[in-house]
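See structure below.
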Amino acid sequence: MPRSGAEARRRLQQAALELYRERGFDRTTTAEIAARAGVNERTFFRHFPDKREVLFDGESHLRASLTQAVAEAPDGLQPLDLLLFAFRKVEHILEDNRPFAEPRLRVIAATPALRERDLAKTAAITETVAEALRQRGVADRQAGLAAHVGWAAFHHAAQAWIDDPAQSLDAHLLRAFDDLRALCLTTPAGDRSR
């Protein structure tokens, strides 16, 4: 039996991930997850409201960390630079959780119900980031657009880091934002008058 709440939580997450990969999300029960983790099912529900949330644990911590990082960014930064600063401040959250991140992404990609939950979580994160930008004085429309585009670049960098672990998440993040800036400077083909 796990000795602490944190240890039980970690074991439940690991057990769920193993079972989801072996049997699939839909064919795995909370009772099976608890048994694999060496706890009872009540312990599972003390830590997670349902079997989907096992894979999304930490999302509220990430949102709070991003809000704080945007608030602490140096004055005078443009919205995307504010976001790059914030993402660089929180990238350790993903780095510390890398052994869980890669298989987690695969399970989500293979499960429609989890993809739907992932979209809802993404919407919550982008709205949190947009509100943090608004608090820094960024106009409403620009804050929303920057939050969506910035989160897409962050997500792109995280996937690149999973696919190519030879480079740091920070290197992938810097490249994604450089690519984003390059895209913004590119004139559309056939419309050189802009």
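The values are calculated or read from the model by the stated rules, or taken from the named source; none is laboratory data. All figures in this text were calculated on a predicted structure; none of them were measured in a lab. Glycine gets a Cβ as well: all are built from the backbone with ideal geometry, and neighbour counts include every protein chain shown. Please note that ligands, DNA and RNA were not included when accessible areas were found on the heavy atoms of the full protein model with its side chains. Shrake-Rupley method; radii C 1.70, N 1.55, O 1.52, S 1.80 Å.
Heavy-atom surface analysis with a 1.4 Å probe gives the chain a carbon and sulfur content of 52 percent of its accessible area. What does the charge count near A130 come to, summing +1 for each Lys or Arg and -1 for each Asp or Glu among other residues with Cβ under 13 Å from its Cβ? My count for the surroundings of A130 gives +1. Charge tally for L174 (other residues, Cβ to Cβ under 11 Å; Lys, Arg +1; Asp, Glu -1): -1. Evaluated with a Cβ-only charge set (Lys, Arg +1; Asp, Glu -1), the stretch 36-85 carries a dipole of roughly 440 debye about its Cα centre, given to the nearest 20.
Once a ≥ b ≥ c are taken as the square roots of the eigenvalues of the Cα gyration tensor of the stretch 1-107, is the result rounded (a/c under 1.5), prolate (a/b larger than b/c) or oblate (a/b not larger than b/c)? In terms of gyration-tensor shape, prolate. What the stretch 16-157 shows is 52 Å² of accessible area per residue, with the surface traced by a 1.4 Å probe over protein heavy atoms. What net charge do the residues around E22 carry, taking every other residue with its C-beta under 12 Å from that of E22, with Lys and Arg at +1 and Asp and Glu at -1? Value of the local net charge: +2. Which label belongs to the value computed from this structure, given these candidates for mean projected area of the Cα convex hull in nm²: (i) 15.9; (ii) 10.9; (iii) 13.4? Evaluating mean projected area of the Cα convex hull in nm² on these atoms matches (iii). The charge dipole of the stretch 63-194, taken about the Cα centre with unit charges on the Cβ atoms of Lys, Arg (+1) and Asp, Glu (-1), comes to about 300 debye, rounded to the nearest 20.
When D179, D170 are compared by accessible area at a 1.4 angstrom probe, the order from most to least is D179, D170.
Place +1 on the Cβ of every Lys and Arg and -1 on the Cβ of every Asp and Glu in the chain, take the dipole about the Cα centre, and give the residue among G144, L84, A113 whose Cα lies farthest towards its positive end. The Cα lying farthest towards the positive end belongs to A113.
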